[in-house]
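The values are calculated or read from the model by the stated rules, or taken from the named source; none is laboratory data. Note that the coordinates shown come from a computational prediction; the quantities given were computed from them, not determined experimentally. All Cβ positions, glycine included, derive from the backbone under ideal geometry; neighbour counts span all protein chains shown.
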Amino acid sequence: MDPPAAADPPSVAALAQIPTPTLHALLRPIAVPPGHPRATFVNWGLSYACTPRAVFEPQSAHHCALVFELARREGRTVRAAGVGHSPSDLACTSGYMLRTEKLDRIIEVNAEKRYVVAQGGITLHALHAALAAAGLAMSNLGSISDQTLAGMVTTATHGSGLAFRVLSTHVRALTLLLADGARVRCSRAERPDLFLASLCGLGATGLILDVTLDVEPAFRLKDVQHSVPFDAAVRDLDALARSAEHVRLWWFPQAGTVRVSAASRTYEPAKPVYTWLWHSLVGYHLLQLLLFLGRFVRALNPWTARLGAWLVSGSTVAVDASHRIFNLDCKYPQFTTEWAVPYERAPACLRALRAWLDEEHADPAGLRPHFPIEIRFTDADDVWLSPSNGTKACWIGIVQYNIEITLRRTFSTLCTGLQRSDALSYMVGSSPGACRMEMHTLPSG
């Protein structure tokens, strides 16, 4: 186990005894100077920005406790932010911001008992490297690993697989810094209410100092991809979702096709799939140019989508380390919104979504969304604030190249269409307002 980076945070009573001028002096070394680029927060997708009253970059739990104490005395809020992966404005604040990137240490790796203890500010990319060195890996992942470990825990970050739950269910224990400066440890056996409230809790219960995470021996995945017509995919959705351990779909509405990715564990030797033509020249430069032009000439978007669907229409087989198969190269800034619906209602929801898209396409003034729409699946869990609490879920993610596509209109229209089809009557009320409250647009840190 590594030595501690700094002393434990002082007790609540000790914090209260620090004179305010001394508190300011202690915080000065970790305060970002006004006017510095990092004094303004911009999220990962470049869709939201804010200038907090002050930004702090703590290097220890002690520093975090000092920030909390200053905020308590001045009656200000504190928002924690990692890399800002949230597609929403969740991290934006006019109060204090605590950036956690320097709280990024691996504290313990236990290969025998299959767990790792790491500070909350470590990115999943860095965690993968540390685990790989010990012959370990996370059991499941989302599409990227840019976010922090704490950000993953406090949101419903998820991968795909009907036998796999949201990633925060892999957490064994948490160490939290509470708003009053107290440091507590919680798990399913110790302070279980605090523990379950902190998973997918959006940071409302306190700052995650470290996470004890269940892992497994490192493994490779074999990913078999092919394209099918939309109607066939929806008709056979359950069979597709159960055809491998980790199944995800990318739907190209403008082309009427669905790309199926079916990945399972394998002992086959690594055989990654990479071509410079697709992954660099076409997949990055050409498509990004066309998406950029589509901001001004919306009629171009359907043609760009059809090109994208054609470029990936061939069947492929890839074998690689698990995190390399789980993760995707997102290539350029995106604005993303995602909803979870009960798994058994997914076909009706997808058909309602296609009907709405067809209506928009038939309208000369209608929306011309980008592509693709990502569809994933998870098992039911018991996390209080998880959208998949108590039910298997289908996750539908709409990815847009930039925020200038009118997603508020997209969301409102989609809610109305889904309610009209009764696809979501289990989850939503009878009005678009109820839909906005109940559908889940989820950030991650």
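Brief remarks follow.
- Per-region count, the stretch 325-347, residues part of a helix (DSSP H, G or I) and either crowded, with 17+ Cβ neighbours inside 10 Å or polar (S, T, N, Q) (or both): 6
- From the list R265, R242, R235, R298, the one residue that fits, being out of contact with any Ser or Thr (no Cβ under 7 Å at 6 or more places or on another chain), surrounded by fewer than 18 Cβ atoms within 10 Å (Cβ to Cβ), over 27 Å from T378 (Cβ atoms) and of a type in the set (D, E, K, R), is R298.
- Whichever residue in the stretch 99-122 is of a type in the set (A, V, I, L, M, F, W, C) and either touching a Ser or Thr at 6+ places or on another chain (Cβ under 9 Å) or not in a loop (DSSP other than H, G, I, E, B) (or both) and, among such residues, is surrounded by the most Cβ atoms within 10 Å (Cβ to Cβ): L103
- Hey, T378 in contact with a His (Cβ under 8 Å, 6 or more places away or on another chain), modelled with pLDDT of 70 or more and farther than 27 Å from S47 by Cα or not: yes
- Elements of type strands (runs of 3 or more DSSP E) contained in the stretch 168-276, each with 2 or more residues being modelled with pLDDT of 95 or more and under 21 Å from the mean Cα position of the chain (by Cα): 171-177, 207-214, 246-252, 257-266
- Condition met for S94 (in contact (Cβ under 8 Å) with a residue 40 or more places away in the chain, in the same structural domain as V42 (by TED's automatic domain parsing) and either farther than 25 Å from G203 by Cα or outside any helix (DSSP H, G or I) (or both)): yes
Let's see how each residue does on (1) assigned to a strand (DSSP E or B); (2) surrounded by fewer than 20 Cβ atoms within 10 Å (Cβ to Cβ):
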{"site": "R354", "(1), (2)": "no, yes"}
{"site": "E360", "(1), (2)": "no, yes"}
{"site": "P369", "(1), (2)": "no, no"}
{"site": "L385", "(1), (2)": "no, yes"}
{"site": "V399", "(1), (2)": "yes, no"}
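- Against the numbered list (1) in a helix (DSSP H, G or I); (2) over 17 Å from T212 (Cα atoms), G151 comes up short only at (2).
- Tabulated pairs, the stretch 220-233, first over 30 Å from L136 (Cβ atoms), second assigned to a strand (DSSP E or B), C-beta under 6 angstrom, 6+ apart or interchain: H226/V260; S227/T257; S227/R259; V228/V258; F230/V258; A233/V258
- Failed item, numbered, when L162 is tested on (1) within 19 Å of E245 (Cα to Cα); (2) out of contact with any Phe, Trp or Tyr (no Cβ under 7 Å at 6 or more places or on another chain); (3) crowded, with 18+ Cβ neighbours inside 10 Å: (2)
- Failed item, numbered, when S88 is tested on (1) within 30 Å of S261 (Cβ to Cβ); (2) among the polar types (S, T, N, Q); (3) surrounded by 24 or more Cβ atoms within 10 Å (Cβ to Cβ): (3)
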